[in-house]
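Asks: Okay, here's the structure, questions in a sec.
The values are calculated or read from the model by the stated rules, or taken from the named source; none is laboratory data. Source: prediction; values computed, not measured. Here Cβ is always computed from backbone atoms with ideal geometry, including for glycine, and neighbour counts include all displayed protein chains. Accessible surface areas use protein heavy atoms only, side chains included; no ligands, DNA or RNA. Shrake-Rupley method; radii C 1.70, N 1.55, O 1.52, S 1.80 Å.
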Amino acid sequence: MKVQQIRQSAQLRGLEDWGTAGLPGTTPAQVSGVQKVIPGSEAIDTGVFECTPGTYRRVVKQAEVMHFLAGRATFTPDGEAPLEIAPGDTLFFEANTEGLWQIDETIRKVYVIF
């Protein structure tokens, strides 16, 4: 199918357990989500991501677009000023953007990594 649909992504239940993320000496954040694949475009990672409060580093090497549905967080790109993030915000990360996530309230986002 050329079009994948995630119905009601803000309220979607039954997310898969994707483990934990965190920095040494911090309480690990619980990560969960659902991934969608478009046949023929398997290199594109897209879906819904949820993360409980915690602190971790972003090390994704690809570009990413994300739209926040819930929660509050701060992302501090390496060498740049922190970005405060709230529901309704959309961010674009160019490839190789690294930095520190501080999740204050459980976040939920729709994302596309390409």
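Asks: Taking only the Cα atoms of the chain, how large is their convex hull per residue, in Å³?
Replies: On the way: hull volume 12.3 nm³, N = 114.
Each residue corresponds to 108 Å³ of Cα convex hull volume.
Asks: As an exercise, identify the GluC sites (Glu not before Pro) in the stretch 7-114 lying in DSSP coil whose Cβ has no more than 15 other Cβ atoms within 10 Å.
Replies: Here the sparse-neighbourhood loop sites are Glu42, Glu80, Glu94, Glu98.
Asks: Using 7 Å Cα-to-Cβ label points, what is the Ser9/Ala63 separation (nm, one decimal)?
Replies: 1.7
Asks: May I ask you to compute the full-extension gain from Glu16 to Val34, defined as 0.36 nm times their residue separation minus their alpha-carbon distance, rounded to one decimal in nm? Mind showing how you got there, number by number?
Replies: Values: separation 18, 0.36 × 18 = 6.48 nm, distance 0.60 nm.
Stretched fully, the Glu16-Val34 segment lengthens by 5.9 nm.
Asks: Expressed in nm to one decimal, what extension gain is obtained for the pair Glu80 and Ile44 from 0.36 nm per residue of sequence separation less their Cα-Cα distance?
Replies: Values: separation 36, 0.36 × 36 = 12.96 nm, distance 2.72 nm.
My answer for the length gained is 10.2 nm.
Asks: Per residue, how much accessible surface does the chain expose to a 1.4 Å probe? Answer in Å², no decimals. Working shown, then result.
Replies: Values: 6750 Å² over 114 residues.
The answer is 59 Å² per residue.
Asks: Also: State the percent of C-alpha pairs, over all pairs in the stretch 56-98, separated by a distance greater than 14 angstrom.
Replies: Working: 445 of 903 pairs.
Every Cα pair in the stretch 56-98 considered, those over 14 Å come to 49 percent.
Asks: Summarise the accessible area of the stretch 15-113 (1.4 Å probe, protein heavy atoms) by the percent that is carbon and sulfur. Intermediate values should be presented prior to the final figure.
Replies: Details: 2830 of 5150 Å².
Carbon with sulfur: 55 percent of the solvent-accessible area.
Asks: Moving on to the next point. Please work out the C-alpha center-to-center distance from the stretch 1-19 to the stretch 42-62 and express it in whole Å.
Replies: A separation of 14 Å, based on Cα centres.
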